[in-house]
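To keep things clear, I will list the structure first and then write my remarks on it.
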Amino acid sequence: MKTNTFTFLLVAAVLLSACAPATPIEPTPDVLAIRTSAANTVVAEFTLTAAAFTPTPFPPTETPTLAPPPTETPTIAFATDPTQIALGTPGKLCDDFSFDPATVDVTILDGSPMTPGQEFVKTWKIKNTGACSWGDGYSLTYSYGEKMDGQPVPIGTVIQVDQEVDVSVSFKAPTAIGEYTSAWQMTNAKGVPFGKVVFVKIVVQ
């Protein structure tokens, strides 16, 4: 009886050994877990790509603030020479004069005949049209042309604004025959010329 039982167990063990698989069976993978992992990988790749191509924002451009124009201080011109405007008299020069063409030639009209070497005095009537009076140092000064030994005669008095005055120059005619012109201009005490020129014109015969 014991022999038969042992034989049965042996045969059963051999049969079970023959039916068993040669390699161990791996567990079935979780399909849902695999899909979830793949989806996470794709999302991560898209995130990295978007970050790489996202432009860096520039700082906002500020509108420059314009500074107000500087305030200029008006310049006050002092009457130091005839080209400056007289203080307290806007638009008027300190030193200036004018004349009436009809009365300017007091003596020796233009074209007057002279003998060679003749001495004569030419006088003009002019008017102080500046804003300053004329005092010591104001006189006629040679400008251009033939000087003819011209020597200005001192005015000798103060000439007020809008006052007329006779100014003169002593001349000596040239010895050569011909026509001569000499131009003169008023100057102030500093030797600065002002106003128009006055002239004398003679004919030496």
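The values are calculated or read from the model by the stated rules, or taken from the named source; none is laboratory data. Source: prediction; values computed, not measured. Every residue, glycine among them, receives a Cβ derived from its backbone with ideal geometry; neighbour counts consider all protein chains shown.
Among the conditions (1) of a type in the set (Ser, Thr, Tyr); (2) in contact with a Gly (Cβ under 7 Å, 6 or more places away or on another chain); (3) part of a strand (DSSP E or B), Tyr180 misses just one, which is (2).
State whether one or more residues within the stretch 156-174 are in a loop (DSSP other than H, G, I, E, B), modelled with pLDDT under 95, surrounded by fewer than 16 Cβ atoms within 10 Å (Cβ to Cβ) and not β-branched (Val, Ile, Thr). For the stretch 156-174, residues in a loop (DSSP other than H, G, I, E, B), modelled with pLDDT under 95, surrounded by fewer than 16 Cβ atoms within 10 Å (Cβ to Cβ) and not β-branched (Val, Ile, Thr): present. A search for C-beta distances below 6 Å between a residue of the stretch 118-139 that is assigned to a loop (DSSP other than H, G, I, E, B) and any residue that is at pLDDT 95 or above and polar (S, T, N, Q), counting only pairs 6+ apart in sequence or on different chains, returns Thr129/Ser98; Ser133/Gln160; Tyr138/Asn188.
Restricting attention to the stretch 107-155 and to residues that are under 18 Å from Val197 (Cβ atoms) and among the charged types (D, E, K, R), the residue that is surrounded by the most Cβ atoms within 10 Å (Cβ to Cβ) turns out to be Lys122.
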